[in-house]
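Peer 1: One structure, as C-alpha coordinates, below. Some questions next.
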Amino acid sequence: MNTAIELTGLTKDYGSRRGLDDLSLRVAAGEVFGYLGPNGAGKSTTIRLMLDLIRPTSGTVRVLGMDPRADAVRLHRRIGYLAGDFVVDGRQRAGECLSFLGDLRGGVPAARVLDLADRLELDLSARVRSLSKGNRQKVGLVQAFMHRPELLILDEPTSGLDPLVQQTFLEMVAEAKAAGQTVFMSSHIMSEVEAVADRVAIIREGRLAAVDTVTALRERSLLRVRIDFAEAVTAEEFAALPGVTDLTVTGAEGGATLTCRLDGRPDALVKAAARHTVTDLRAENQDLEELFHAYYTGGRPGAATGPTR
Ligand SMILES: Nc1ncnc2c1ncn2[C@@H]1O[C@H](COP(=O)(O)OP(=O)(O)OP(=O)(O)O)[C@@H](O)[C@H]1O
Ligand SMILES: [Mg+2]
(Lines give C-alpha, C1' and ligand atoms only; values in the text may rest on other atoms or scores of the structure.)
(Ligands and ions follow the chains in the order given, each with its own letter.)
Protein backbone atom coordinates (compact mmCIF):
# COMPACT_ATOMS: atom_id res chain seq x y z
CA MET A 1 0.00 0.00 0.00
CA ASN A 2 1.26 3.45 -0.84
CA THR A 3 2.00 5.84 1.96
CA ALA A 4 0.67 9.40 1.83
CA ILE A 5 2.11 10.65 5.09
CA GLU A 6 4.84 9.18 7.25
CA LEU A 7 5.91 10.77 10.49
CA THR A 8 8.78 9.19 12.40
CA GLY A 9 9.80 10.11 15.93
CA LEU A 10 8.49 13.60 15.41
CA THR A 11 9.21 15.98 18.27
CA LYS A 12 8.60 19.72 18.48
CA ASP A 13 9.75 21.69 21.50
CA TYR A 14 8.44 25.21 21.86
CA GLY A 15 11.00 26.39 24.38
CA SER A 16 9.79 25.04 27.69
CA ARG A 17 6.56 23.79 26.13
CA ARG A 18 6.42 20.49 24.36
CA GLY A 19 4.28 20.69 21.26
CA LEU A 20 4.84 17.14 20.08
CA ASP A 21 6.66 14.24 21.66
CA ASP A 22 8.19 11.42 19.61
CA LEU A 23 5.15 10.91 17.41
CA SER A 24 5.15 8.27 14.70
CA LEU A 25 2.25 7.81 12.33
CA ARG A 26 1.59 6.46 8.86
CA VAL A 27 -1.35 7.43 6.70
CA ALA A 28 -2.00 5.26 3.65
CA ALA A 29 -2.77 6.76 0.26
CA GLY A 30 -6.50 6.87 -0.32
CA GLU A 31 -7.54 6.76 3.29
CA VAL A 32 -9.56 9.28 5.27
CA PHE A 33 -7.73 9.81 8.53
CA GLY A 34 -9.24 11.61 11.51
CA TYR A 35 -6.85 13.33 13.90
CA LEU A 36 -8.54 13.94 17.20
CA GLY A 37 -7.51 15.58 20.43
CA PRO A 38 -8.39 18.28 22.91
CA ASN A 39 -7.18 21.89 22.76
CA GLY A 40 -3.42 22.12 22.89
CA ALA A 41 -2.89 18.41 22.15
CA GLY A 42 -0.59 19.12 19.21
CA LYS A 43 -2.87 18.68 16.19
CA SER A 44 -2.01 21.97 14.49
CA THR A 45 1.64 21.49 15.37
CA THR A 46 1.63 18.11 13.57
CA ILE A 47 -0.07 19.61 10.55
CA ARG A 48 2.29 22.59 10.36
CA LEU A 49 5.24 20.21 10.50
CA MET A 50 3.80 18.22 7.57
CA LEU A 51 3.72 21.38 5.49
CA ASP A 52 7.12 22.66 6.64
CA LEU A 53 5.46 25.76 8.09
CA ILE A 54 7.47 24.97 11.21
CA ARG A 55 10.54 22.74 11.65
CA PRO A 56 10.79 19.73 13.93
CA THR A 57 13.14 19.61 16.90
CA SER A 58 13.81 16.01 15.84
CA GLY A 59 12.25 13.29 13.74
CA THR A 60 11.28 13.16 10.08
CA VAL A 61 8.31 13.93 7.89
CA ARG A 62 7.58 12.41 4.47
CA VAL A 63 4.55 13.59 2.55
CA LEU A 64 3.61 12.00 -0.80
CA GLY A 65 7.06 10.46 -0.79
CA MET A 66 8.75 13.84 -0.51
CA ASP A 67 10.58 15.84 2.09
CA PRO A 68 8.39 18.90 2.71
CA ARG A 69 11.44 21.02 3.38
CA ALA A 70 13.31 20.17 0.19
CA ASP A 71 10.28 19.82 -2.09
CA ALA A 72 7.97 22.51 -0.70
CA VAL A 73 6.89 24.00 -4.02
CA ARG A 74 6.23 20.70 -5.82
CA LEU A 75 4.50 19.33 -2.76
CA HIS A 76 2.16 22.26 -2.17
CA ARG A 77 0.74 21.86 -5.68
CA ARG A 78 -0.36 18.33 -4.83
CA ILE A 79 -1.87 19.25 -1.48
CA GLY A 80 -5.04 21.10 -0.48
CA TYR A 81 -4.42 22.72 2.88
CA LEU A 82 -6.89 24.38 5.16
CA ALA A 83 -5.25 26.10 8.11
CA GLY A 84 -6.96 26.15 11.49
CA ASP A 85 -6.69 29.93 11.36
CA PHE A 86 -7.41 30.38 7.66
CA VAL A 87 -6.84 34.02 6.66
CA VAL A 88 -6.91 35.76 3.30
CA ASP A 89 -7.01 39.35 2.11
CA GLY A 90 -10.37 40.57 3.39
CA ARG A 91 -10.73 43.35 0.78
CA GLN A 92 -11.13 40.86 -2.06
CA ARG A 93 -14.40 39.33 -3.10
CA ALA A 94 -14.61 35.62 -2.30
CA GLY A 95 -14.67 34.74 -6.01
CA GLU A 96 -11.60 36.90 -6.80
CA CYS A 97 -9.73 35.43 -3.90
CA LEU A 98 -10.49 31.88 -5.08
CA SER A 99 -9.53 32.53 -8.70
CA PHE A 100 -6.26 34.06 -7.51
CA LEU A 101 -5.53 31.00 -5.37
CA GLY A 102 -6.60 28.76 -8.27
CA ASP A 103 -4.11 30.44 -10.59
CA LEU A 104 -1.36 29.82 -8.06
CA ARG A 105 -2.17 26.13 -8.33
CA GLY A 106 -1.91 26.12 -12.09
CA GLY A 107 -5.53 27.09 -12.84
CA VAL A 108 -8.85 25.71 -11.66
CA PRO A 109 -11.93 25.65 -13.93
CA ALA A 110 -14.41 28.38 -12.94
CA ALA A 111 -17.21 25.82 -13.06
CA ARG A 112 -15.50 23.81 -10.34
CA VAL A 113 -15.38 26.81 -8.00
CA LEU A 114 -18.99 27.70 -8.81
CA ASP A 115 -20.12 24.18 -8.09
CA LEU A 116 -18.40 24.00 -4.69
CA ALA A 117 -19.60 27.49 -3.73
CA ASP A 118 -23.11 26.56 -4.73
CA ARG A 119 -23.09 23.38 -2.67
CA LEU A 120 -21.71 25.16 0.38
CA GLU A 121 -24.03 28.14 -0.19
CA LEU A 122 -21.13 30.57 -0.38
CA ASP A 123 -21.77 33.97 -1.97
CA LEU A 124 -18.76 34.50 -4.26
CA SER A 125 -19.56 38.18 -4.79
CA ALA A 126 -19.26 39.05 -1.09
CA ARG A 127 -16.09 40.69 0.18
CA VAL A 128 -14.22 38.26 2.39
CA ARG A 129 -14.08 40.61 5.37
CA SER A 130 -17.87 41.03 5.25
CA LEU A 131 -18.40 37.27 5.58
CA SER A 132 -19.36 35.60 8.84
CA LYS A 133 -16.92 33.16 10.43
CA GLY A 134 -18.68 30.13 8.99
CA ASN A 135 -18.90 31.65 5.52
CA ARG A 136 -15.22 32.53 5.62
CA GLN A 137 -14.50 28.93 6.53
CA LYS A 138 -16.32 27.91 3.33
CA VAL A 139 -13.85 29.99 1.31
CA GLY A 140 -11.14 27.97 3.04
CA LEU A 141 -12.83 24.70 2.15
CA VAL A 142 -13.32 25.64 -1.50
CA GLN A 143 -9.65 26.61 -1.89
CA ALA A 144 -8.56 23.33 -0.32
CA PHE A 145 -10.78 21.12 -2.50
CA MET A 146 -11.01 23.01 -5.79
CA HIS A 147 -7.91 21.69 -7.54
CA ARG A 148 -8.71 18.09 -6.59
CA PRO A 149 -5.39 17.58 -4.78
CA GLU A 150 -4.00 14.14 -4.13
CA LEU A 151 -3.83 14.95 -0.45
CA LEU A 152 -6.12 17.14 1.61
CA ILE A 153 -4.75 18.33 4.95
CA LEU A 154 -7.53 20.03 6.86
CA ASP A 155 -7.09 21.57 10.30
CA GLU A 156 -10.50 21.67 11.95
CA PRO A 157 -12.39 21.96 8.69
CA THR A 158 -15.84 21.98 10.28
CA SER A 159 -15.09 24.78 12.72
CA GLY A 160 -17.87 27.38 12.49
CA LEU A 161 -20.00 25.41 10.03
CA ASP A 162 -23.68 24.89 10.71
CA PRO A 163 -24.94 21.28 10.72
CA LEU A 164 -26.26 21.33 7.15
CA VAL A 165 -22.99 22.65 5.77
CA GLN A 166 -21.09 20.12 7.89
CA GLN A 167 -23.09 17.45 6.11
CA THR A 168 -22.13 18.91 2.73
CA PHE A 169 -18.52 18.94 3.84
CA LEU A 170 -18.69 15.25 4.80
CA GLU A 171 -20.09 14.49 1.35
CA MET A 172 -17.18 16.35 -0.22
CA VAL A 173 -14.79 14.21 1.84
CA ALA A 174 -16.57 11.03 0.79
CA GLU A 175 -16.34 12.08 -2.87
CA ALA A 176 -12.64 12.87 -2.47
CA LYS A 177 -12.10 9.39 -1.04
CA ALA A 178 -14.08 7.81 -3.88
CA ALA A 179 -11.82 9.68 -6.31
CA GLY A 180 -8.75 8.18 -4.60
CA GLN A 181 -7.68 11.31 -2.76
CA THR A 182 -6.24 11.07 0.75
CA VAL A 183 -7.77 13.17 3.51
CA PHE A 184 -6.10 14.00 6.81
CA MET A 185 -8.39 16.04 9.02
CA SER A 186 -8.24 17.23 12.60
CA SER A 187 -11.22 17.67 14.85
CA HIS A 188 -12.32 17.87 18.46
CA ILE A 189 -15.40 15.84 17.88
CA MET A 190 -15.49 12.12 17.15
CA SER A 191 -18.98 12.18 15.66
CA GLU A 192 -17.74 14.57 12.98
CA VAL A 193 -15.13 12.20 11.70
CA GLU A 194 -16.47 8.74 12.49
CA ALA A 195 -18.92 8.86 9.59
CA VAL A 196 -16.17 9.38 7.00
CA ALA A 197 -12.89 8.33 8.57
CA ASP A 198 -11.30 4.94 7.90
CA ARG A 199 -8.99 5.36 10.84
CA VAL A 200 -8.62 7.81 13.65
CA ALA A 201 -5.71 8.79 15.84
CA ILE A 202 -6.27 10.28 19.24
CA ILE A 203 -3.56 12.61 20.44
CA ARG A 204 -3.14 13.95 23.90
CA GLU A 205 -0.39 16.16 25.31
CA GLY A 206 1.73 15.74 22.20
CA ARG A 207 1.60 11.94 22.23
CA LEU A 208 -0.49 9.37 20.43
CA ALA A 209 -3.07 7.88 22.78
CA ALA A 210 -4.59 5.54 20.19
CA VAL A 211 -4.67 4.79 16.47
CA ASP A 212 -7.23 2.41 15.07
CA THR A 213 -9.96 1.86 12.53
CA VAL A 214 -13.30 3.37 13.41
CA THR A 215 -14.78 -0.13 13.17
CA ALA A 216 -12.34 -1.59 15.67
CA LEU A 217 -12.81 1.28 18.08
CA ARG A 218 -16.52 0.74 17.92
CA GLU A 219 -16.15 -3.01 18.50
CA ARG A 220 -13.85 -2.43 21.42
CA SER A 221 -16.23 -0.04 23.07
CA LEU A 222 -18.07 -1.46 26.04
CA LEU A 223 -21.72 -2.33 26.39
CA ARG A 224 -23.94 -0.23 28.55
CA VAL A 225 -26.51 -2.55 30.11
CA ARG A 226 -29.82 -1.80 31.78
CA ILE A 227 -31.93 -4.55 33.35
CA ASP A 228 -35.36 -4.09 34.94
CA PHE A 229 -36.50 -6.61 37.56
CA ALA A 230 -39.96 -7.38 38.90
CA GLU A 231 -38.58 -7.61 42.42
CA ALA A 232 -35.88 -6.03 44.55
CA VAL A 233 -32.27 -7.04 43.86
CA THR A 234 -29.05 -6.03 45.60
CA ALA A 235 -25.92 -4.54 44.09
CA GLU A 236 -23.82 -7.19 45.88
CA GLU A 237 -25.26 -9.94 43.69
CA PHE A 238 -23.77 -8.31 40.58
CA ALA A 239 -20.85 -6.14 41.68
CA ALA A 240 -18.20 -8.85 41.56
CA LEU A 241 -19.23 -10.43 38.25
CA PRO A 242 -16.53 -10.54 35.56
CA GLY A 243 -16.52 -7.49 33.27
CA VAL A 244 -19.08 -5.54 35.28
CA THR A 245 -18.19 -1.95 36.24
CA ASP A 246 -20.05 1.24 37.10
CA LEU A 247 -22.86 -0.71 38.69
CA THR A 248 -25.94 1.00 40.07
CA VAL A 249 -29.10 -0.59 41.46
CA THR A 250 -32.18 1.50 42.16
CA GLY A 251 -35.54 0.34 43.46
CA ALA A 252 -38.79 1.34 41.83
CA GLU A 253 -42.39 0.26 42.47
CA GLY A 254 -41.47 -3.00 44.14
CA GLY A 255 -39.02 -3.81 41.32
CA ALA A 256 -35.47 -2.69 40.66
CA THR A 257 -33.35 -1.33 37.84
CA LEU A 258 -29.73 -2.25 37.36
CA THR A 259 -27.34 -0.35 35.12
CA CYS A 260 -23.71 -1.19 34.46
CA ARG A 261 -20.99 -1.37 31.88
CA LEU A 262 -19.97 -4.72 30.56
CA ASP A 263 -16.63 -5.71 29.11
CA GLY A 264 -16.44 -9.12 27.46
CA ARG A 265 -18.92 -12.00 27.62
CA PRO A 266 -22.37 -11.32 29.07
CA ASP A 267 -22.80 -14.89 30.35
CA ALA A 268 -22.21 -14.32 34.09
CA LEU A 269 -24.37 -11.22 34.19
CA VAL A 270 -27.21 -12.90 32.30
CA LYS A 271 -27.14 -15.94 34.60
CA ALA A 272 -27.13 -13.77 37.71
CA ALA A 273 -30.03 -11.73 36.36
CA ALA A 274 -31.97 -14.87 35.49
CA ARG A 275 -32.25 -15.77 39.17
CA HIS A 276 -34.88 -13.02 39.25
CA THR A 277 -37.83 -12.08 37.04
CA VAL A 278 -36.43 -9.86 34.30
CA THR A 279 -39.03 -7.45 32.88
CA ASP A 280 -36.76 -5.62 30.47
CA LEU A 281 -33.17 -5.80 29.24
CA ARG A 282 -31.36 -3.28 27.07
CA ALA A 283 -27.76 -3.20 25.98
CA GLU A 284 -26.17 -0.62 23.78
CA ASN A 285 -22.65 0.16 22.73
CA GLN A 286 -20.96 2.97 24.52
CA ASP A 287 -20.76 5.61 21.86
CA LEU A 288 -17.44 6.58 20.39
CA GLU A 289 -17.70 10.07 21.80
CA GLU A 290 -17.65 8.59 25.27
CA LEU A 291 -14.73 6.34 24.42
CA PHE A 292 -12.94 9.35 23.06
CA HIS A 293 -13.55 11.29 26.27
CA ALA A 294 -11.91 8.53 28.23
CA TYR A 295 -8.80 8.92 26.07
CA TYR A 296 -9.02 12.69 26.42
CA THR A 297 -8.89 12.59 30.14
CA GLY A 298 -6.11 10.02 30.17
CA GLY A 299 -8.30 7.24 31.46
CA ARG A 300 -8.54 3.74 30.14
CA PRO A 301 -11.26 3.56 27.52
CA GLY A 302 -14.31 2.01 29.05
CA ALA A 303 -13.31 2.95 32.55
CA ALA A 304 -15.37 5.66 34.22
CA THR A 305 -15.26 8.59 31.85
CA GLY A 306 -14.63 11.30 34.42
CA PRO A 307 -11.24 13.00 34.75
CA THR A 308 -8.69 10.68 36.26
CA ARG A 309 -6.14 13.22 37.35
N1 LIG B 1 4.29 29.02 18.43
C2 LIG B 1 4.19 28.43 19.61
N3 LIG B 1 4.96 28.79 20.65
C4 LIG B 1 4.87 28.18 21.85
N5 LIG B 1 4.04 27.16 22.12
C6 LIG B 1 3.24 26.74 21.12
C7 LIG B 1 3.26 27.34 19.83
N8 LIG B 1 2.37 26.71 19.05
C9 LIG B 1 1.81 25.76 19.83
N10 LIG B 1 2.33 25.77 21.07
C11 LIG B 1 1.99 24.86 22.16
O12 LIG B 1 2.06 23.53 21.69
C13 LIG B 1 0.98 22.75 22.18
C14 LIG B 1 0.19 22.15 21.02
O15 LIG B 1 -0.47 23.21 20.31
P16 LIG B 1 -1.33 22.96 19.00
O17 LIG B 1 -1.69 24.30 18.46
O18 LIG B 1 -0.61 22.04 18.11
O19 LIG B 1 -2.61 22.22 19.61
P20 LIG B 1 -3.97 21.78 18.88
O21 LIG B 1 -4.11 20.33 19.14
O22 LIG B 1 -3.98 22.24 17.48
O23 LIG B 1 -5.05 22.57 19.75
P24 LIG B 1 -6.44 23.25 19.31
O25 LIG B 1 -7.46 22.17 19.40
O26 LIG B 1 -6.65 24.29 20.37
O27 LIG B 1 -6.29 23.83 17.94
C28 LIG B 1 0.18 23.68 23.08
O29 LIG B 1 0.60 23.46 24.37
C30 LIG B 1 0.58 25.06 22.61
O31 LIG B 1 0.48 25.98 23.66
MG1 LIG C 1 -5.20 23.53 16.41
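Peer 1: Go ahead and estimate [θ] at 222 nm for the chain from helices alone: -39,500 (n - 2.57) per DSSP H run with n ≥ 4, summed, over the residue count, rounded to 500.
Peer 2: -9000 deg cm²/dmol
Peer 1: Carbon and sulfur: what percent of the range 78-174's accessible surface (1.4 Å probe)?
Peer 2: 51 percent
Peer 1: If one computes the Cα centroid of the range 33-64 and of the range 216-270, what distance in Å separates the two points?
Peer 2: 42 Å
Peer 1: Of all accessible surface on the range 222-285 at a 1.4 Å probe, what whole percent is carbon and sulfur?
Peer 2: So the carbon and sulfur contribution to the accessible surface is 53 percent.
Peer 1: Compute the distribution of all C-alpha to C-alpha distances in the range 161-308, in bins of 10 Å from 0, and list the percent of pairs in each, rounded to whole numbers.
Peer 2: 10, 32, 26, 19, 11, 2
Peer 1: Okay, next question. Rounding to the nearest 20 debye, state how big the charge dipole of the chain is about its Cα centre with +1 on each Lys and Arg Cβ and -1 on each Asp and Glu Cβ.
Peer 2: Around 1160 debye, computed over the chain.
Peer 1: Would you mind calculating the relative contact order of the chain from Cα pairs under 8 angstrom and at least 6 residues apart, reporting the percent as a whole number?
Peer 2: It rounds to 18 percent for the chain.
Peer 1: Ok, one more. Of the residues G251, G40, G160, which exhibits the maximal mean-square fluctuation in a Gaussian network model of the chain defined by a 10 Å Cα contact cut-off?
Peer 2: Answer for the Gaussian network model of the chain: G251.
Peer 1: Please work out the Kirkwood hydrodynamic radius for the chain, using every pair of different C-alpha atoms, and report it in angstroms with one decimal place.
Peer 2: Hydrodynamic radius (Kirkwood, Cα only) of the chain equals 21.8 Å.
Peer 1: Can you bin every Cα-Cα distance in the range 222-285 into 10 Å intervals starting at zero and give me the percent of pairs per bin, rounded to whole numbers?
Peer 2: Taking all Cα pairs of the range 222-285, the binned fractions are 24, 62, 14, 0 percent.
Peer 1: What spacing in nm lies between the two simple spin-label points modelled at T57 and E205, each 7 Å away from Cα in the Cβ direction?
Peer 2: 1.5 nm
Peer 1: Given R₀ = 35 Å, what would the calculated FRET efficiency be for L281 paired with D212, taking r from the Cβ atoms and rounding to 0.05?
Peer 2: Taking R0 as 35 Å, the efficiency between L281 and D212 is 0.75.
Peer 1: How about K271: which aspartates and glutamates have a C-alpha closer than 18 Å to its C-alpha, ignoring those fewer than 8 places off in the same chain?
Peer 2: D228, E231, E236, E237, D263, D280
Peer 1: Averaging sequence separations of C-alpha pairs under 8 Å and six or more residues apart, then dividing by the length of the range 222-285, give the relative contact order as a whole percent.
Peer 2: RCO, the range 222-285: 49 percent.
Peer 1: Estimate the FRET efficiency between D198 and D263 by the formula 1/(1 + (r/R0)^6), using the beta-carbon distance for r and 22 Å for R0, to the nearest 0.05.
Peer 2: 0.30
Peer 1: Sticking with this structure for a sec: Can you list the lysines whose alpha carbon sits under 22 Å from that of K177, skipping same-chain ones fewer than 8 residues off?
Peer 2: K43, K138
Peer 1: Would you be so kind as to identify which of V196, V249, V225 lies farthest towards the positive end of the dipole of the chain, taking Lys and Arg as +1 and Asp and Glu as -1 on Cβ and the Cα centre as origin?
Peer 2: Sorting the options by dipole projection puts first V196.
Peer 1: Of I189, I203, I54, which has the largest mean-square fluctuation in a 10 Å C-alpha GNM of the chain?
Peer 2: I54
The values are calculated or read from the model by the stated rules, or taken from the named source; none is laboratory data. This structure is a prediction, so every number in the text was calculated from the model and none was measured. Cβ: placed from backbone, ideal geometry, glycine included. Neighbour counts: every protein chain shown. For the accessible areas, the whole protein counts, side chains as well, though only heavy atoms, and no ligand, DNA or RNA atoms are used. Shrake-Rupley method; radii C 1.70, N 1.55, O 1.52, S 1.80 Å.
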